[in-house]
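Heads up: the structure comes next, in C-alpha cells.
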Amino acid sequence: MRSFSFFFSRLFFAMIVVMSVGFAPSAKAQDEAFSFFQTINDVPVMPGLLELDEDAVIFDKAEGRIAKGSAVGKYVEIEDIHRFYAQTLPQLGWQQKNPGYYVRDDEYLKMSLKKNQSFNFVHFSVGPY
C-alpha cells in the first residue's frame, strides 16, 4: 500500500502539470508541436495532453517490449481523447480489437482513461501479443 506522502507528491506534481498547461502556447502552436511518448515512441501524445514522465516504464525482453506511458490534460474531454486515438492509431498500424485495445504485428496496446476531479488521464501499456 502506498503512503499518503506518495499520494500527495503525485497530487502536487499533477497540480504543477496543470499550471504549466495553463501557460502553454495556443492550441494552434500545440498542434504544430506534435510529439510521441518517450517510452512508447510510436504512440502520439494528443495535443492538449502533457506526458507524465514519472509514469514512464520500459523493459525490452526477448519476447518483446513492455512499456507504459501516461498523460494528463485539464481542458481535453474523455470523448475527445477516445476520438483522437481511434482515428490516429489505425493510421500508425494499430488495429482496434475492442474499445481501448489495439494490436499490431506481435504487440498489444491497451489504453485506459480516468477522470480525477477536473483532470483527465490517459494510460497506455504495450506488451507482447
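Quick note: the coordinates plus some simple rules give every number you see, no bench work behind them. In this text the structure is predicted, and so the values were computed from the model without any measurement. Backbone-built Cβ (ideal geometry, glycine too); neighbour counts: all protein chains shown.
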Out of segment 71-100, which residues are outside any helix (DSSP H, G or I) and surrounded by fewer than 14 Cβ atoms within 10 Å (Cβ to Cβ)? 77, 93, 95, 97, 98, 99
Kindly evaluate residue 108 against the criterion of being closer than 22 Å to residue 34 by Cβ and either of a type outside the set (D, E, K, R) or in contact (Cβ under 8 Å) with a residue 60 or more places away in the chain (or both). no
Can you list residue pairs whose Cβ atoms sit under 7 Å apart, with the first residue in segment 75-99 being closer than 12 Å to residue 109 by Cα and the second being of a type in the set (Phe, Trp, Tyr) and surrounded by 14 or more Cβ atoms within 10 Å (Cβ to Cβ)? Count only pairs 6 or more apart in sequence or on different chains. 89/102; 94/102; 95/102; 96/102
